[in-house]
Amino acid sequence: MSALKLLNDRRSVPSRQLGDPGPDPAELQALLQAAARAPDHGKLVPWRFLLIRGEARRRLGELLARTALANNPDAPPAAIEKDRERFNFAPLIVTVIAHIDEANSKVPAQEQLLSAGCVAYNLLLGAQQLGYGAQWLTGWAAYDPTILAALGVGAGERVVGFIHIGTAREPAPERLRPDAAALVREWQG
Ligand SMILES: Cc1cc2nc3c(=O)[nH]c(=O)nc-3n(C[C@H](O)[C@H](O)[C@H](O)COP(=O)(O)O)c2cc1C
């Protein structure tokens, strides 16, 4: 498949439509290695991966449910249930964690974060190329101090996204895409 076709075919598969199987160990290794080829100003490697799979998904869901209730004791039970189930659909979640060197005088924090974003996007593309569905999710959990501490996300680190990867149980929905031509102007000096 040409790279352009892969880009033009790319779409998210909602995590709730993902199921088994996920990538096997060789595919996962290849996927992570390919994702790590993201552009990286200063070769800082300002990101890392945290895998969540198997029983750990359920444990994270339980933590989400407890934390959501602690954060908002009046939350409707359906919302708490949704949080409990969030990580239970895709067999594999690759968390992309950026660790930003704010003090770097040559590479601004924004560029380090963007590099981590490219890693996450590479995972989406790579997963699709391997025949899997994927979705990039953050949600409140990516910003909640209790969840971040439980995931071992340190000071100076950020969760760029939870990349849910698995087999699509139904055809992925398409959405209206931006018309690139309408977004273009040409600078002429
Ligand atoms: C940084 C980032 C975080 C996102 N977080 C969420 C999220 O928490 N919930 C959600 O429904 N979509 C989220 N999305 C959007 C989906 O991943 C997806 O891009 C969107 O549904 C559009 O589908 P498409 O990828 O096929 O264009 C996020 C996207 C990005 C780039």
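The values are calculated or read from the model by the stated rules, or taken from the named source; none is laboratory data. Keep in mind that what you see is a predicted model, and the values were worked out from it rather than measured. Note: areas computed on protein heavy atoms with side chains; ligands, DNA, RNA excluded. Shrake-Rupley method; radii C 1.70, N 1.55, O 1.52, S 1.80 Å.
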Checklist entry - So what is the calculated 222 nm ellipticity per residue for the chain, using -39500 (n - 2.57) for each DSSP H run with n of 4 or more, over all residues, to the nearest 500 deg cm²/dmol? => result -12000 deg cm²/dmol
Checklist entry - Tell me, what is the percent relative contact order of the chain, built from C-alpha pairs under 8 Å that lie six or more residues apart? => result 34
Checklist outcome for this item: Whole-percent carbon and sulfur contribution to the accessible surface of the chain (1.4 Å, no ligands, DNA or RNA) stands at 57
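Under a 1.4 Å probe, what is the accessible area of the chain per residue, stated in Å²? Write out the running numbers ahead of the final one.
Details: 11000 Å² over 189 residues.
Normalised by residue count, the accessible surface of the chain is 58 Å².
Which of the helices in the chain meet the span-like rule: DSSP H, Cα axial reach of 18 Å or more, Kyte-Doolittle mean at least 0.0? Could you put the intermediate results ahead of the total?
Details: long enough: 55-71 (24 Å, -0.42); 109-129 (30 Å, 0.43).
Length and hydropathy pass: 109-129.
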Item to check | Rule-of-thumb Rg ratio for segment 31-112 [Cα; 2.2 N^0.38 Å; N residues] | outcome: 1.47
Checklist outcome for this item: Shape descriptor, the chain: equivalent ellipsoid semi-axes (Cα gyration tensor, sqrt 5λ, whole Å, largest first) stand at 28, 23, 18
